[in-house]
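**Q** A single structure is presented below for examination.
The values are calculated or read from the model by the stated rules, or taken from the named source; none is laboratory data. In this text, all values refer to a predicted model and were calculated from it rather than measured experimentally. Backbone-built Cβ (ideal geometry, glycine too); neighbour counts: all protein chains shown.
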Amino acid sequence: MKIAGPDGDISWLFQDGDYGYKDFVASVDALVMGRKTYETIQSFGDWPYDDKKTYVLSHATLVGDTPEGVEQYNGDIAKLDLSKHKHVWIVGGAGVAQQFLHQNLIDELILSIHPLILGDGIALFDEIRKPLPLKLEKSESFDSGLTQLTYGRP
């Protein structure tokens, strides 16, 4: 399963509907993302998560003006204190998601399956080396062909 095309291209992502995004983001009080995802979101213009604490995982210094509420973190993710947050969204990229999965730090996984085979690109589960059991909690299909699967960890 690919989450981006070659060179991180996400231009193929559906933008024809909300697909529950606004309600989901409203339920989140903190975000964790890698530097590349952060830079991609920054390139869209205004920072869309002003009211959310955001942790950017990066060993490199963040370039440009850092929006309020954004904090760089370059330590062990198992030591990142997220306990003060109720609902944390691991936004991306694939390496960040894989680190959290490896350390059993993800309770819920929402996969949006687009009716498109990217071929080359960035794999979501490329570095997962052992089976990770999941329990299907919800499935929703849309007229566009997009399907969202929500899994919990048993």
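**Q** Within the group 94, 4, which residue is touching a Gly at 6+ places or on another chain (Cβ under 8 Å) and modelled with pLDDT under 90?
**A** Numbers: 94 fails: touching a Gly at 6+ places or on another chain (Cβ under 8 Å).
Testing whether each residue is touching a Gly at 6+ places or on another chain (Cβ under 8 Å) and modelled with pLDDT under 90 leaves just 4.
**Q** Do the conditions hold for residue 32, that is, is it under 18 Å from residue 103 (Cβ atoms), touching a residue at least 24 places away in the same chain (Cβ under 8 Å), surrounded by 17 or more Cβ atoms within 10 Å (Cβ to Cβ) and in contact with a helix residue (DSSP H, G or I) (Cβ under 7 Å, 6 or more places away or on another chain)?
**A** Answer is yes for this residue.
**Q** Of the residues 136, 118, 124, only one is touching a residue at least 40 places away in the same chain (Cβ under 8 Å) and farther than 16 Å from residue 93 by Cα; which? Give the derivation first.
**A** On the way: 136 fails: touching a residue at least 40 places away in the same chain (Cβ under 8 Å); 124 fails: farther than 16 Å from residue 93 by Cα.
Selected residue: 118, the only one of 136, 118, 124 that is touching a residue at least 40 places away in the same chain (Cβ under 8 Å) and farther than 16 Å from residue 93 by Cα.
**Q** Which residue pairs have Cβ atoms closer than 8 Å, lie 6 or more positions apart in sequence or on different chains, and pair a first residue in the stretch 75-102 that is in contact (Cβ under 8 Å) with a residue 60 or more places away in the chain and part of a helix (DSSP H, G or I) with a second residue that is buried (at least 20 other Cβ atoms within 10 Å of the Cβ) and hydroxyl-bearing (Ser, Thr, Tyr)?
**A** Qualifying pairs under 8 Å: 96/37.
**Q** Now a separate question. Within the stretch 37-60, is there a residue that is exposed (fewer than 11 other Cβ atoms within 10 Å of the Cβ), free of Cβ contacts under 8 Å to residues at least 40 places away in the same chain and either farther than 27 Å from residue 146 by Cβ or in contact with a His (Cβ under 8 Å, 6 or more places away or on another chain) (or both)? Spell out the reasoning first.
**A** Taking the stretch 37-60 first, the residues exposed (fewer than 11 other Cβ atoms within 10 Å of the Cβ) are 43-46, 59-60.
So of that shortlist, the ones also free of Cβ contacts under 8 Å to residues at least 40 places away in the same chain come out as 43-46, 59-60.
Cutting the leftovers down to either farther than 27 Å from residue 146 by Cβ or in contact with a His (Cβ under 8 Å, 6 or more places away or on another chain) (or both) gives us 59-60.
Within the stretch 37-60, one or more residues are exposed (fewer than 11 other Cβ atoms within 10 Å of the Cβ), free of Cβ contacts under 8 Å to residues at least 40 places away in the same chain and either farther than 27 Å from residue 146 by Cβ or in contact with a His (Cβ under 8 Å, 6 or more places away or on another chain) (or both).
**Q** Could you check the stretch 7-28 and list, in sequence order, the residues that are modelled with pLDDT under 95 and assigned to a loop (DSSP other than H, G, I, E, B)?
**A** Once the filter is applied, which keeps residues that are modelled with pLDDT under 95 and assigned to a loop (DSSP other than H, G, I, E, B), the stretch 7-28 yields 9, 10, 11, 12, 13, 14, 15, 16, 17, 18, 19, 20.
**Q** State all residues of the stretch 35-53 that are in contact with a helix residue (DSSP H, G or I) (Cβ under 8 Å, 6 or more places away or on another chain) and part of a helix (DSSP H, G or I); if no residue qualifies, say none.
**A** Scanning the stretch 35-53 gives 36, 37, 40.
**Q** Quick one: residue 56 ticks every box in (1) in a loop (DSSP other than H, G, I, E, B); (2) within 15 Å of the chain's Cα centre (by Cα); (3) more than 30 Å from residue 143 (Cβ to Cβ) except a single one, so which number is it?
**A** (1)
**Q** Since residue 72 meets every condition but one in (1) among the polar types (S, T, N, Q); (2) in contact (Cβ under 8 Å) with a residue 24 or more places away in the chain; (3) not in a loop (DSSP other than H, G, I, E, B), which condition does it not meet?
**A** Status for residue 72: all satisfied but (2).
**Q** Take residues that are more than 18 Å from the chain's Cα centre (by Cα) and tell me which of the strands (runs of 3 or more DSSP E) falling wholly in the stretch 108-154 contain 3 or more.
**A** 135-141
**Q** Output the residues belonging to the stretch 12-34 that are under 24 Å from residue 120 (Cβ atoms) and among the hydrophobic types (A, V, I, L, M, F, W, C).
**A** 12, 13, 14, 33
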